[in-house]
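> Sharing a structure, written as C-alpha cells. Questions coming.
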Amino acid sequence: MLKIRLKRTGSKHKPFYRIVVIPSEKRRDGREIEKLGWYSPASRGKKFEMDVDRVDYWVSKGALVSPVVRRILTKSKEK
C-alpha cells in the first residue's frame with residue numbers, strides 16, 4: 001500500500017520535510033518513489049510547496065494521504 005506522507009530532513013532543531021510517495025512498510029526516512037513537494041514549519045516566508053496534480057494522480061492510483069499532508073493539501077488548494 002502506498003502513502004503520501006512527510007519525510008524528515010534538515011538538522012536538529014531546524015526541521016524540513018519532503019512530501020513523498022512511499023510504501024507504507026518503509027521507515028519514515030526510507031527511499032521514496034516520488035518527491036511531490038516540501039514543507040518547512042520553521043520558515044518565516046513560504047512554508048510549503050506541492051505538486052497538486054501529481055498528488056491527485058497518486059490518490060487516483062490508491063495512495064493514502066496522511067493527516068498532516070491532507071491539511072497542507074487543503075491550504076494549497078485554497079491559494
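Coordinate-derived values only; no laboratory data. Note that the structure is a prediction, hence the values are computed from the model and not measured. Positions of Cβ are generated from backbone atoms using ideal geometry, with glycine treated the same way; all protein chains shown enter the neighbour counts.
> Using r as the Cβ-Cβ distance of Ser11 and Val52, and R0 as 22 Å, what FRET efficiency do you calculate, to the nearest 0.05?
On the way: r = 29 Å, r/R0 = 1.31.
The value I calculate is 0.15.
> Trypsin sites (Lys or Arg not before Pro), restricted to segment 23-77: which are DSSP loop and have at most 16 other Cβ atoms within 10 Å? Mind dumping the intermediate values first?
Details: sites: Lys26, Arg27, Arg28, Arg31, Lys35, Arg44, Lys46, Lys47, Arg54, Lys61, Arg70, Arg71, Lys75, Lys77; in loops: Lys26, Arg27, Arg28, Arg31, Arg44, Lys46, Lys47, Lys61.
Listed in order of number, the matching sites are Lys26, Arg27, Arg28, Arg31, Arg44, Lys46, Lys47, Lys61.
> Another one. Counting DSSP beta bridges in the chain, what percent are antiparallel, to the nearest 5? Mind showing how you got there, number by number?
On the way: 18 of 20 bridges.
In the chain, DSSP labels about 90 percent of beta bridges as antiparallel.
> As a test of the formula, what do you get for the chain when each DSSP H run with n ≥ 4 contributes -39,500 (n - 2.57) and the sum is divided by the residue count, at 222 nm and rounded to the nearest 500 deg cm²/dmol?
One gets -8000 deg cm²/dmol as the mean residue ellipticity at 222 nm.
> Another one. Kirkwood hydrodynamic radius, the chain, all distinct C-alpha pairs: what's the number in Å?
This gives a value of 12.8 Å.
> Tell me which GluC sites (Glu not before Pro) from segment 19-49 have a DSSP coil assignment and no more than 12 other beta carbons within 10 Å of their own.
Here the GluC sites (Glu not before Pro) that fit, given the DSSP loop and packing criteria, are Glu25.
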